[in-house]
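Since the structure comes first, as structure tokens, the remarks are kept for the end.
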Amino acid sequence: MIRQLSQRLLGPVTLVLLALTIWLGVWVTPPDKVQGNLVRLLYVHPAIAWVALYVSFGTATIASALYLWRRTRSWVADRVAHCAMEVSVVFIILTLITGSIWGRPTWGVWWAWDARLTSTAILGVLALGYLALRRANDDPTLRAKRSAVFAILAAINVPIIHFSVQWWKTLHQGATVFTSNRTLLVHGSMAWTLLISFVGFTLLFFWLLRARYRLEVARERVERATLDAALSQRQREGAL
Amino acid sequence: MASDPLVHLVDAVVFTNGFPLLSGVDLDVAPSSLNVVTGANGAGKTSLLRLLAGLVALSSGEGTVCGIDLAKGDLRQLRRRVGWLGHEGSFYADLSASENLRFCATALERPFDQIDLVLERVGLSARANTTTRQLSAGQRRRLGLAWLLLRRAELWLLDEPYASLDDQGREFFDDLLAEVTGAGATVVVSAHDPLRSARLRPRAIHLAGGRVQGDRR
Amino acid sequence: MIRVAWLVARKDLRIEARSRVLLWQVVPFGAMALLLSGLALGPAHAGDSSAGPGLFYLVVLFVALLMINRSQVIESTPGTRASVATLGLDPAGVFLGKALALAIELWVTGLVLLAGTVLVLHTALHGAILALPSVLVTLAGLACAGTLYGALTAGGEGASTLLPVLCLPAFAPLLIAGERSFSAALGHGGLWEWWVIVLVALVAYGGVGILLYGVLEES
């Protein structure tokens, strides 16, 4: 019952939090001392990036690992990995778009060869590669195994992205929310808006994942019916 | 008391790219027997052999080969126990006949001194140092046999082995089949037509539409 | 595992020595690509040595794609894959063997391209020599990663076009680190961070390969 209730509430709660983020970000929070109103985009961009790089990609990686381990191998794990990676592509593209929109007035260019931007773009192409790999294999088991291994390999890029901010000379913001000894840098209504934004977009990911998962289950049902029809046809062929 | 079958399939189905290659095969194969699987093109002969070799996965149904469950067992272990002769050839084209056999022997930890013996047995001693790319189709087929002789597998799976063989080659092949089944191996051969040999009396299994439609012992 | 690795590596290298695809096709392609990269910089910058490290690695990347594809094509000829599968080779050993053979082939080609970079892009010779260790390790990392990605695409639909789609983004961090460490050897910037990235990637791809190559072979 709790599960059903939480599934029913996921959509409305997500919409409320996102609406709250927009209201707070656009009308309530003050402009930044340095960036002015441009800071309002940062109530969206970091949260989307967090979901893109860690939540969605991480979900796809964990589900892939669960599929690869015999004890936890199941079609559910494969479906979750596939759907999470699709949603990840959407969030990665949004990360790059919002980042570019913020970057244009800040750096003067739509695209700067900044380490984090570049790494995020690479991750986006990796995610597209995952989807291309799935399309190249019709056999479900073959497709699931190869995709899972590829997701694990792609995940190796995530720590490289994480460390790139510290190690590479970069135009990108350094740590924005916390310092290296975990002192909060953002205060007041800005901090609350940022927190609500992170929670809202994280829930948005899970909402989209659930919707995509349901679609995938329906698609597989249709595919199974097609296979059953092909099998009957083949058996009739032999009887003639 | 009859021994357990070496191959036991119940309603075995194999799908590839959405097409049912096998659509419900029921089959038992006794150990130390010679079996010929016949059928028209597209009947599922090659697919059946590949299933028995552990080269394709079982989509549904049950099956055990050499005691290994096709759905849950370790197919790598199964593959080590079968000898496979495909109709496309089995080797690295840029390695010579003896180099290919040496690779096989090293992989299976067999002594090298058997290589010359098997090459002589199949009539390829003179071509030992010829790359397989330069061998004729019939010679490549003989090299495949040499590969099988080196392996001493308990289950031999031969996919249309008589193709590309002349009369002498076919007779040689019949001798070989009689010898290996007499030595205890189980052989499953696929062919378009039943074997025309006077000496061999194989069981004839007829496939059509991916299922067994006839079985004559 | 080591015995199988050695067996597979020797087999791949013997095939390469016999077929001479590396000598007659890959190396000339790499040399031509290096020349084209100089032309692409325009007449004013064709001999610009500061572009050397980046162009060297760009050409190495394209050469690596050819060689990874070649490494898988050897196994993909009709019948070979099935017959070799029945040998039941230890998959970790197969991975290490193929990666080792590919690494050796990349090293040979890389050395030729490095000499070409010194010659046509006017990269400093002493810098190229100092960069040699990082080049060799980066190419080893590419070999491990490439062997894995090659197995991922083997036998699938559009394998030859899918391979670059999968490989290029995965290679990018390795190539960035390789280029940075090459530049550092020429006297531009620090070195240790790039070594960490290359070594971590090498260990990570090597580890994943040893653990998961069997899954790819089963499929």
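Any read-out appearing in this document is the output of simple, stated calculations on the displayed coordinates, not a laboratory observation. As the structure is a computational prediction, the values presented were derived from the model and not from experiment. Please note: Cβ atoms are built from the backbone with ideal geometry, for glycine as well, and neighbour counts cover all protein chains shown.
How large is the charge dipole for chain B, taken about the Cα centre, if only the Cβ atoms of Lys, Arg (+1) and Asp, Glu (-1) carry charge, to the nearest 20 debye?
Dipole about the Cα centre, nearest 20: 120 debye.
So for each of A:91-100, B:95-104 I average, over its residues, the number of other beta carbons within 10 Å; can you give me the resulting order with the highest mean first?
For the peptides A:91-100, B:95-104, the packing ranking is B:95-104, A:91-100.
Name the residue farthest towards the positive end of the dipole of chain A from the options A:Ile156, A:Pro31, A:Pro105, assuming +1 on Cβ of Lys and Arg, -1 on Cβ of Asp and Glu, about the Cα centre.
In chain A, that residue is A:Ile156.
What Kirkwood hydrodynamic radius, in Å, does the range B:1-45 give when the mean of 1/r is taken over all pairs of distinct Cα atoms and then inverted?
So the Kirkwood estimate lands at 12.2 Å.
Tell me, Kirkwood radius of chain C from alpha-carbon pair distances, in Å?
The Cα-based Kirkwood calculation yields 17.7 Å.
Helix-only estimate, please: 222 nm mean residue ellipticity of chain C, summing -39500 (n - 2.57) across DSSP H runs of length 4 or more and dividing by its residues, to the nearest 500.
After summing the helix terms and dividing by the residues of chain C, the value is -28000 deg cm²/dmol.
Given a cut-off of under 8 Å on Cα pairs at least six residues apart, what relative contact order in percent is computed for the range C:49-155?
The normalised contact order for the range C:49-155 reaches 49 percent.
Projecting each Cα onto the charge dipole of the range C:2-218 (Lys/Arg +1, Asp/Glu -1 at the beta carbon, about the Cα centre), which of C:Ile2, C:Ala115, C:Cys167 comes out farthest on the positive side?
Ranked along the dipole, the leading option is C:Ile2.
How big is the Rg/Rh ratio for the range C:1-79, C-alpha atoms only, Rh by Kirkwood, two decimals?
Rg divided by Rh gives 1.14.
For chain A, what is the mean residue ellipticity at 222 nm derived from helices alone (per DSSP H run of n ≥ 4: -39500 (n - 2.57); sum divided by total residues; nearest 500 deg cm²/dmol)?
When only DSSP H runs of four or more count, the value is -25000 deg cm²/dmol.
When you take every Cα atom in the protein assembly as shown, what is the radius of gyration, and what is Dmax, the widest Cα pair distance, in Å?
Rg, Dmax (Cα atoms, Å): 29.5, 99.
Per-residue mean of other chain beta-carbon atoms within 10 angstrom of the beta-carbon, peptide C:163-170?
Average neighbour count from other chains, rounded to a whole number: 6.
So what is the relative contact order of the range B:1-145, in percent, for Cα pairs below 8 Å that sit 6 or more residues apart?
RCO, the range B:1-145: 19 percent.
Provide the per-residue ³J(HN,Hα) series for the range C:41-56, in order, calculated from phi with Karplus coefficients 6.51, -1.76, 1.60 and θ = phi - 60°, each as a whole number of Hz, with x at glycine and proline positions.
6, x, x, 6, 10, 4, x, 6, 5, 5, 7, x, x, x, 5, 4
Tell me, B:Asp159, B:Asp167, B:Asp28 in order of fewest to most beta-carbon neighbours within 10 Å?
B:Asp167, B:Asp28, B:Asp159
Round to the nearest 10 and give me the degree value, 0 to 90, for the angle of helix B:137-151's Cα axis relative to the longest principal axis of chain B.
80
Any idea what angle helix C:125-153 forms with the longest principal axis of chain C, computed on alpha-carbon atoms, 0 to 90 degrees, nearest 10?
Orientation of helix C:125-153: about 30 degrees from the principal axis.
Per-residue ellipticity at 222 nm for chain B, helices alone: DSSP H runs ≥ 4 residues times -39500 (n - 2.57), over residue total, nearest 500 deg cm²/dmol?
-9000 deg cm²/dmol
Could you tally up the Lys pairs in the protein assembly as shown with alpha carbons closer than 28 Å? Skip any pair fewer than 8 positions apart unless they're on separate chains.
Taking the Cα cut-off of 28 Å, the pair count is 7.
Please state the equivalent ellipsoid semi-axes for the range B:7-216: what are the square roots of 5 times the Cα gyration tensor eigenvalues, largest first, in whole Å?
28, 19, 16
If you take the Cα atoms of the range C:112-219, find Rg, then find the Kirkwood Rh from the mean of 1/r over all pairs, what is Rg/Rh?
1.06
Let me spell out the model: positive unit charges on the Cβ of Lys and Arg, negative unit charges on the Cβ of Asp and Glu, origin at the Cα centre of the range B:88-162. What dipole size does that give, in debye rounded to 20?
140
Using a simple charge model, +1 on the beta-carbon of Lys and Arg, -1 on the beta-carbon of Asp and Glu, nothing else, what dipole does the range C:6-122 show about its Cα centre, in debye to the nearest 20?
That gives the range C:6-122 a dipole magnitude of about 360 debye.
Along the charge dipole of the range B:7-216, Cβ charges K/R +1 and D/E -1, which of B:Leu207, B:Ala153, B:Leu108 sits furthest on the positive end?
After comparing all options, I get B:Leu108.
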